[in-house]
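Data block below; observations after.
The values are calculated or read from the model by the stated rules, or taken from the named source; none is laboratory data. Since the structure is predicted, the reported quantities are computational estimates derived from the model, not experimental observations. Because the Cβ atoms are built from the backbone with ideal geometry, glycine has one as well, and the counts that use them run over all protein chains shown.
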Amino acid sequence: MRIAIIGAGPAGLFVGSALAGRGHDVVAVDRDTGPPGEGRWRRPGVMQFHHAHAFRAQVGRALQQEWPGALAAWLDAGAEPITFDVPGMGTVQAGHRSRRDTFERALRTTADTVDGLRIRRGHADGVLSSDGRVCGLVVDGSPVEADLVVDASGRSGRSVDTLRAPATVGGPCGMAYVDREYRLVDGAEPGPLTNPLAWQADLDGYQVLVFLHERGYFSVVLVRPTDDAALKDLRYAAAFEAVCRAVPGLATWTDPERAVPVTDVLPGGPLRNAYRGQRSRDGRPCTPGLVSVGDAVATTTPIFGRGVATTFLQILQLLALLDAGTDPAVVAEPFDAWCEENMLPWVADHVAMDGDVVRRWAGGDVDLTRRLPSDLILAAAARDPGIGPATGGYLSMLQTPSSLDPVEPLARAVYETGWRPGFAPGPRREEVREIVAAALRADGVDATPAPARST
Ligand SMILES: Cc1cc2nc3c(=O)[nH]c(=O)nc-3n(C[C@H](O)[C@H](O)[C@H](O)COP(=O)(O)OP(=O)(O)OC[C@H]3O[C@@H](n4cnc5c(N)ncnc54)[C@H](O)[C@@H]3O)c2cc1C
């Protein structure tokens, strides 16, 4: 079968290599170039490419199963496998410490060696259609015929918009972020960690995260309400560093004796969640000849680092359907049913949780009139030891968010006593604004409004 893939990001490369390995003739089209021999890999097609990423165990497991060569290349490039102690589950594989750049270089360079997979630089303008089905792509104005088109164009892909119904769930979640990458100096120990992959601190009105990558690289991420316009100025190094000094845990991580910045401050943008099924605009369950995967289906905010895991889980399912003999032309239909059961719950979980975090950042109390969002159920485990053992499936993504339902009443009982999770030490958001303004004044920065682009 001839297969054309829109996008050679994690989804396009993974599905492309797996399908080529099954004997198909595969071309993956990407508007970005591959990694340069040396220096920074520019990836304008993936806005988050240089931003903080953590990789869950599902990613390494999927590679081990379908593409061990890419896993080996990733490990060779420095990816560090880690384990977690999960409540009720003991010690489990937790994922890999790695920068996204390191991960994707490993995939891309391995993809270049896969027989039957060709990566073509170009822009997929749209699809070729005939008799109500998709039969190829238009790349830079020229036709590329295919029996199946896989849309792996990511969260901002637009090339099948004329055929595919829009997202049904999600939208901007009211959070924006900014981050910076650092490297531990030789011999320095990491700062505080909540788990082997990350440090997370919830402060009054905002959140800070540290993702530990490979070989001592780490990223500091500051997450704030989108509507707090003054905090857009965190994109200035002087402001970012001043806040790092003011939050005790971050001060430890970014102490110049311990670590040095290796990138500029990387402004992110408003974050979003989205679920987009396979239905066609004309109401059919799918457009024959077309299937969408990865972020093009399920986009979640990075707070829990789920995107590449949900992407690879989808691809394993798509492959399982094809391996079982499903007609490739309409494989999108059973795939859609699976995604609704297994992917949509993660997006819905983020929509509920992220929206409620933003509401609480603005001073709202825990809302006991509806199901508690998952983060509050997890937090209540600090008060009721009966909750913790039920959270492992959710935390490890081995079970969907409904696995927390049985302990939601226990968490609710905790909040009904009036108990609330405390804030991590550090300035309140109002104080952060003052720290930012003072740092910019001291640095002589004339702050200007930053453009907003939803990711
Ligand atoms: C700030 C941020 C942090 C994140 N952190 C994490 C994390 O910690 N852990 C995690 O697991 N996930 C994280 N994610 C999510 C993760 O980045 C995505 O899940 C992942 O990129 C999805 O891969 P993809 O291949 O589906 O899409 P993408 O990586 O977006 O790749 C899509 C590709 O398609 C190409 N393309 C699109 N349209 C066209 C066209 N018309 N023609 C040619 N090429 C095209 C693009 O150039 C791109 O290469 C984060 C996301 C954000 C926004």
* Would you call Tyr236 at pLDDT 95 or above and farther than 22 Å from Arg99 by Cα? -> yes
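Considering only helices (runs of 4 or more DSSP H) fully contained in segment 309-428, which possess at least 2 residues that are free of Cβ contacts under 8 Å to residues at least 60 places away in the same chain and aromatic (Phe, Trp, Tyr)?
On the way: elements: 332-342, 344-361, 374-380, 392-395, 408-416.
By residue number, 332-342.
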* Considering each of Asp179, Asp161, Asp227 in turn, give the residue that is acidic (Asp, Glu), part of a loop (DSSP other than H, G, I, E, B) and within 16 Å of the ligand (Cβ to nearest atom). => Asp161
* To do: Kindly provide the set of residues from segment 247-277 that are touching a Cys at 6+ places or on another chain (Cβ under 7 Å) and part of a strand (DSSP E or B), ordered by number.
  => Leu271, Arg272, Asn273
* (1) on the phi < 0 side of the Ramachandran plot; (2) surrounded by fewer than 13 Cβ atoms within 10 Å (Cβ to Cβ); (3) not in a strand (DSSP E or B): which one isn't true of Asp85, the others all being true? -> (3)
* Scan segment 8-43 for residues that are in a loop (DSSP other than H, G, I, E, B) and either closer than 19 Å to Cys135 by Cβ or among the polar types (S, T, N, Q) (or both) and jot them down. => His24, Thr33
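Please tell me if Ala106 is out of contact with any strand residue (DSSP E or B) (no Cβ under 8 Å at 6 or more places or on another chain), within 15 Å of the ligand (Cβ to nearest atom) and within 30 Å of Ile377 (Cα to Cα). Please lay out each step first, then the result.
Details: out of contact with any strand residue (DSSP E or B) (no Cβ under 8 Å at 6 or more places or on another chain): yes; within 15 Å of the ligand (Cβ to nearest atom): yes; within 30 Å of Ile377 (Cα to Cα): no.
It is false that Ala106 is out of contact with any strand residue (DSSP E or B) (no Cβ under 8 Å at 6 or more places or on another chain), within 15 Å of the ligand (Cβ to nearest atom) and within 30 Å of Ile377 (Cα to Cα).
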* Give the number of residues within segment 43-98 that are more than 16 Å from the ligand (Cβ to nearest atom) and of a type in the set (S, T, N, Q). => 4
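Of all residues in segment 279-310 being in contact with a helix residue (DSSP H, G or I) (Cβ under 8 Å, 6 or more places away or on another chain) and at positive phi, which is nearest to the ligand (Cβ to nearest atom)? I'd like the intermediate steps shown before the answer.
Of all residues in segment 279-310, those in contact with a helix residue (DSSP H, G or I) (Cβ under 8 Å, 6 or more places away or on another chain) come to 279, 285-301, 303-304, 306-310.
Next, only the ones that are at positive phi stay: 289, 294.
Values: Gly289: 17, Gly294: 2 Å.
So the residue we want is Gly294.
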* Asked: Mind checking whether some residue in segment 164-176 is out of contact with any Ser or Thr (no Cβ under 8 Å at 6 or more places or on another chain) and within 12 Å of the ligand (Cβ to nearest atom)?
  -> no
* segment 34-51 residues that are not assigned by TED's automatic domain parsing to the domain that holds Arg121, paired with ones that are modelled with pLDDT under 90 and not basic (Lys, Arg) (beta carbon under 8 Å, 6 or more apart) -> none
